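The values are calculated or read from the model by the stated rules, or taken from the named source; none is laboratory data. As the structure is a prediction and not an experimental result, all values here were calculated from the model. Here the Cβ positions follow ideal geometry from the backbone for every residue, glycine too, while neighbour counts run over all protein chains shown. In case anyone asks, the SASA skips ligands and DNA or RNA and just uses the protein heavy atoms, side chains included. Shrake-Rupley method; radii C 1.70, N 1.55, O 1.52, S 1.80 Å.
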Amino acid sequence: MPPHCPHCGTEVSDDARYCLRCGRERPQPQYVPPVPLEAMETATATPVNPPPPVHLAPVPAPGPPPSPARKNPARVWAATLTAAFLIGGGATAGVLLLSDDGTAPAQSQNDKPVVTTSDHPTESTSSAPSAPAPTIPPQESPKAPEAPQSPQIPEGLQAPDAPAGFRTVTDPAGFSLAVPELWSRTKAVSGQITYSGSTGMEHLLIGVVPNPPYASSYDNFLSIENKARVNQKDFRRLRLERNTFQGRPGAIWEYTFTDKQTGETLHAIDQGYIAPNGTDYSIYTKGRDRDWQYSRKTFDTALSTWTLH
């Protein structure tokens, strides 16, 4: 129970020295000095017997690590050689082998890759040497690509001989024809190939249109003529006719007009046809009307020597 003041009986706290009601001092407990350490009994710990020694068996020194399991001494890398070699009328092919570490196959005395035809190659041992493996025939070193050459006229399809003063040219676009000796291929833009000399306005223009959007050369010329009437001064049609060229349906178109810069009358002619390969070809020339006989000879010679290959 809580303590009370011995004088007035009022309840007081445990640590109060004076009563809060009557103000009198509460009796205090007497001081008891502590017992010296020397007088205290020292607790004696019970001795603990040490555990008996453990005798471990000697551990043998580690030996060399066991050799890893050897894989198959060779594995098939490429299924067959990229090309078979003809030997005695028969084709032979070998299977190229690589060693386990991915290095190149062993070389024979004449530096040929070793090949085998066994489906289950066995590991060779020192006591039983394996038989020499067969070798593949030597391969020819690949030749460097040759520089591209102009197409040649196929054998059996020879262009007519060029007349005097002309020479036959074979064009990379797949045709040949005769042009004046001093002329050369001077330009090729968007299927329009030009042969001309170093001077003068005369030239041959070869048009090459694969898979044309029009049905015939005649329809193409008619469409171009409608534009020429608007753009060319004094345009005058001499003829626009369907014809047959080298056994194929074609058309020939001839006209004159006035040069806007020089005021001279110019003369032009164009032969077109659609070849068996579906390509529309046109052979065109233009020159001064006063010199038309020379331009017409160039045109006629080109037509007579025209050859596809």
(request) Count the net charge of all other residues whose Cβ sits under 10 Å from the Cβ of Gly200, scoring Lys and Arg as +1 and Asp and Glu as -1. (result) -1
(request) With the full set of protein chains in place, find how many percent of the accessible area of segment 188-288 is carbon and sulfur; take the probe as 1.4 Å. (result) 47 percent
(message) Probe of 1.4 angstrom, ligands and nucleic acids ignored: what's the accessible area per residue over segment 241-309, in square angstrom?
(response) 45 Å²
(message) I'd like to check one number: the per residue accessible area of segment 157-196, probe 1.4 Å, reported in Å² as a whole number.
(response) 53 Å²
(request) May I ask you to list the trypsin sites (Lys or Arg not before Pro) in segment 200-309 that are in a DSSP loop and have at most 14 other Cβ atoms within 10 Å of their Cβ? (result) Lys260
(request) Pop out the ³J(HN,Hα) list for segment 272-278 in order, Karplus 6.51 cos²θ - 1.76 cosθ + 1.60 with θ = phi - 60°, rounded to Hz; leave Gly and Pro as x. (result) x, 6, 9, 6, x, 7, x
(message) With +1 on the Cβ of every Lys and Arg and -1 on the Cβ of every Asp and Glu, and nothing else charged, how large is the dipole of segment 221-309 about its Cα centre, in debye rounded to the nearest 20?
(response) 140 debye
(message) Given Cα positions, please report Rg to Rh for segment 236-276, the hydrodynamic radius being the Kirkwood one.
(response) 1.16
(request) Between Asn226 and Asp291, take the C-beta separation as r, use R0 = 22 Å, and let me know the FRET efficiency to the nearest 0.05. (result) 0.20
(request) At 7 Å along the Cα-to-beta-carbon direction for both Gln261 and Thr194, put a label point, then send me their distance in nm to one decimal. (result) 1.1 nm
(request) Please work out how much length the chain gains when fully extended from Cys22 to Arg237, using 0.36 nm per residue of separation minus the C-alpha to C-alpha distance, in nm with one decimal. (result) 62.4 nm
